[in-house]
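Each remark here refers to the structure printed beneath this line.
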Amino acid sequence: AYNYGNLYPITPGVLKFSISPGTAVQNPYPFDVELDIPVSATSTPASVQVYIGPSQSQLTLAIQRNYGYTGMDTISIKLPVGWWLQVNVTNATTSDPLVVGV
């Protein structure tokens, strides 16, 4: 993994990627990223939908998770360069994802 500005190695997990449920955000990096999205089911039934697409108007459902319990989970998804991501939650919260693979 390299910083494309100065081409020095960077460690996975240092890259920042912020999400807010219900809001589409674009992959800000000039490469594909692998995201681990922390999820916390706060009450039941809980559900999380992850949408991705090449533009905000072309998002399609990529991952649907339903929870019959409260607790933590991690959803992993690859987001191609320039693509958009939106996470919708019901009875759950998400934290900013870790960027694990570049």
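The values are calculated or read from the model by the stated rules, or taken from the named source; none is laboratory data. If you're wondering where the values come from, they're calculated on a predicted model, not measured in any experiment. For neighbour counting, all protein chains shown are included, and Cβ atoms are generated from backbone atoms with ideal geometry for every residue, glycine included. Ligands, DNA and RNA are excluded from the accessible area calculation, which covers all protein heavy atoms including side chains. Shrake-Rupley method; radii C 1.70, N 1.55, O 1.52, S 1.80 Å.
Worth pointing out:
- Look at the stretch 44-64: where a residue is farther than 14 Å from Ala24 by Cα and a partner is of a type in the set (Val, Ile, Thr) and not in a strand (DSSP E or B), sitting 6+ places away or on another chain with Cβ atoms under 9 Å, you get Thr44/Thr70; Ala46/Thr70.
- The residue that is nearest to Pro45 (Cα to Cα), among those in the stretch 58-69 that are hydrophobic (A, V, I, L, M, F, W, C) and assigned to a strand (DSSP E or B), is Ile63.
- Filtered residue count, the stretch 70-102, keeping only those that are more than 10 Å from the chain's Cα centre (by Cα), open to solvent by less than 30 Å² (accessible area, probe 1.4 Å) and within 14 Å of Ser47 (Cα to Cα): 2
Okay, residues lined up against (1) among the basic types (Lys, Arg); (2) assigned to a loop (DSSP other than H, G, I, E, B):
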position	(1), (2)
Lys16	yes, yes
Pro21	no, yes
Pro28	no, yes
Phe31	no, yes
Asp36	no, no
Ser40	no, no
Val48	no, no
Ile52	no, no
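- Filtered residue count, the stretch 23-43, keeping only those that are in contact (Cβ under 8 Å) with a residue 12 or more places away in the chain and closer than 12 Å to Trp84 by Cα: 8
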